[in-house]
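Notes for the one structure printed next.
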Amino acid sequence: MHRVPVLIVGGGPVGLALAVELGWRGIACELIELTDGTIVSPKMNEVNARSMEFCRRWGIADKVFNCPFPADHPLDVAFVTSLSGHELSRLPRPCRNTQAPLPESPHRMQACSQIWFDPILRAHAQSFASVRLRYRCRLDSFTQNADRVTAQVTDLATGRKQEIETEYLVGCDGAGSLVRRSLHIELVGEGTIGHPINLFFRAAPDLVARCGKQPAVFFLGIDHSGLWGSLRIIDPVNGLWRLMIDSTDGNATPENVDREFYLRRALGGDFEVEWVDVNIWRRRSALADRYGRGRVWLAGDAVHQLSPTGGMGMNTGVADAVDIGWKLAAVLQGWGGARLLDSYDAERRPVGARAVRMATWFYKNAEAFPKGSRLLEQEGTAGARARAKVGAELLRAIGPEFRTVGLQLGYRYEGSPICVPDGTPEPPDDPAEVTPSARPGSRAPHVSLRDGRSILDLYGRGFTLLRFPGAPSSSDLEAALRWRAVPLTTVDLDEPKAAALYERQLVLVRPDGHVAWRADTPPRDVAQIADTVRGAA
Ligand SMILES: Cc1cc2nc3c(=O)[nH]c(=O)nc-3n(C[C@H](O)[C@H](O)[C@H](O)COP(=O)(O)OP(=O)(O)OC[C@H]3O[C@@H](n4cnc5c(N)ncnc54)[C@H](O)[C@@H]3O)c2cc1C
């Protein structure tokens, strides 16, 4: 038996992100992972702008930005009858070295596959003395009472069984989550909405050029049967590809799937490849009906299962990890109130529901795209005319799946029990566009400061009180927070752009970069505000 304040179950990207968040906050934790951590065939390939902002805080954004995905490789999405067939249309997305900065964030979505992202997280987690990562270690079961959780685990290298006593357990153990099932937490929603197959292969790095196409990251296949699958280049240097068959009858097995047939259909001819892996999986649309019970919490695919359309699965899980991470730290450090952890469910479950809803909508859009005619594959004027028409329709119908900056950055904690509403109306929630807002519950918006930093760089491990010119005294609020041991930094900021965007002279930003409270006048009941934002009201 040994003791640890936080036990994380699962060393996928979400469990690793939680280990990093806790390590960055100096909280001792242990992560146990069933496998040895090797990734043969990656699931996720896109780290979105919000996850990049978290990486920036942790000090690893440069590593993700400079991952081995080539900086001059366009991130375009092309619609093709096959890789060597006709191209109908193309959604341009600039390569890393020509990307203009977004006005809303210091970062953009990055093509950084799990084969690189997980090891970056892993190495960073291991750099914290308070974090212990244990691979080939399995959670078998756990029990909890009012004071602690006791986990039964097996070290798979030695077969030795062991008990770990912990104050909090977080299940980041993926879609099949033993932790979620043990808590009798149900998944609600449509459930399985498709039976896709992923085929991973290596091809010569010049495959795209040999097929007569300009580089892109996605080649979405459309023929007379409609949109049927996609080719994704994961690692252009080493020629690693994923061919996804969008949906099948559900009877495929790795042994009976006709890989050569699908490959020929996708490439439009015979090309030599080296097969790497076959994944048969279920496309899901489901959300847990609660995010934890007692001292046990859940994050990532354990609580939200969504179609990869829109690239929101892991990214939503990373933001879960940040939310539960700062709250666990606050409680373990003694300044978090008795209701702080409950706010994790209140804040993150609606965001999970939003991600599931949008991802399902993107998928169903593609599924409902009308079947093409055989003209699409024909040479000549009639074929060209059909391709131009369908190409434009594809950009309209499927394009939104790849224009998601609002989805990435615009989530907010409406009705959060630990934010103080200011009576202003909700801005629109448009997946394609962000409406930057410092309304309580929102992600405190990015502004470039005069010295070149982002305002996000001012938000640290504790609360940050921004005071814009003309701000009234905030000393009572500061004293109330300090008296409760809430870590606080006060920043006097003479930055007109930021003052205009934040709209109030006093703005209190939380340890996760969301706005907790704002006003132009000092609060009358400072104790109430201080207790609300630390979950003790
Ligand atoms: C084809 C595809 C493409 C995708 N693309 C993207 C994308 O571009 N962007 C994006 O954000 N998301 C994407 N996703 C979704 C993303 O991959 C998942 O949301 C993400 O991997 C979930 O991470 P996780 O850590 O919650 O779960 P997992 O990655 O499933 O990790 C869970 C871990 O827990 C371990 N575990 C399970 N049980 C136990 C136990 N009893 N004891 C110890 N360890 C245990 C497992 O071994 C596993 O390593 C994609 C998914 C697919 C299928």
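The values are calculated or read from the model by the stated rules, or taken from the named source; none is laboratory data. Please read all numbers here as calculations on a predicted model, not as lab measurements. Here the Cβ is made from the backbone with ideal geometry for all residues, glycine too, and neighbour counts use every protein chain on show. Note: accessible area is taken over every heavy atom of the protein model, side chains too, but ligands, DNA and RNA are not part of it. Shrake-Rupley method; radii C 1.70, N 1.55, O 1.52, S 1.80 Å.
Please report the spacing between the Cα centers of region 1-45 and region 319-377 in Å, no decimals. Result: 19 Å between the Cα centres. Dividing the summed -39500 (n - 2.57) terms of all DSSP H runs of n ≥ 4 by the residue count of the chain sets its mean residue ellipticity at 222 nm at -8500 deg cm²/dmol. For the chain, Cys29, Cys55, Cys95, Cys137, Cys172, Cys211, Cys419 stand unpaired, since no other cysteine beta carbon lies under 4.7 Å from theirs.
If R0 is taken as 56 Å, the Cβ-Cβ distance between Ala384 and Glu503 corresponds to a FRET efficiency of 0.60. Per residue, the chain exposes an accessible area of 40 Å² to a 1.4 Å probe, with every protein chain left in place. Tell me which residues come under 5 Å, amide H to amide H, from Gly268 once H is placed; ignore anything under 5 positions away on its chain. For Gly268, whose amide H was placed from the backbone, the distant partners under 5 Å are Leu83, Ser84. Taking the protein heavy atoms of region 391-446 in the context of the full set of protein chains, the accessible area attributed to carbon and sulfur is 54 percent at 1.4 Å.
Extension gain, Ala353-Ala123: 0.36 nm per intervening residue step, less the Cα-Cα distance, totals 79.7 nm. Computing FRET efficiency as 1/(1 + (r/R0)^6) for Val276 and Ser182, where r is the C-beta to C-beta distance and R0 is 45 Å, gives about 0.85.
So in the chain, what percent of DSSP beta bridges are antiparallel if you round to the nearest 5? So the antiparallel bridges amount to about 70 percent of the total. Between the alpha-carbon centres of region 126-184 and region 238-259 there is a gap of 33 Å. Shown for the chain are the DSSP H helices of 18 Å or more along their axis, judged by Cα atoms, with a mean Kyte-Doolittle hydropathy of at least -1.0: 313-333, 342-367, 381-398. The distance between label points at Gln333 and Asp457 comes to 2.2 nm (points 7 Å beyond Cα on the Cα→Cβ vector).
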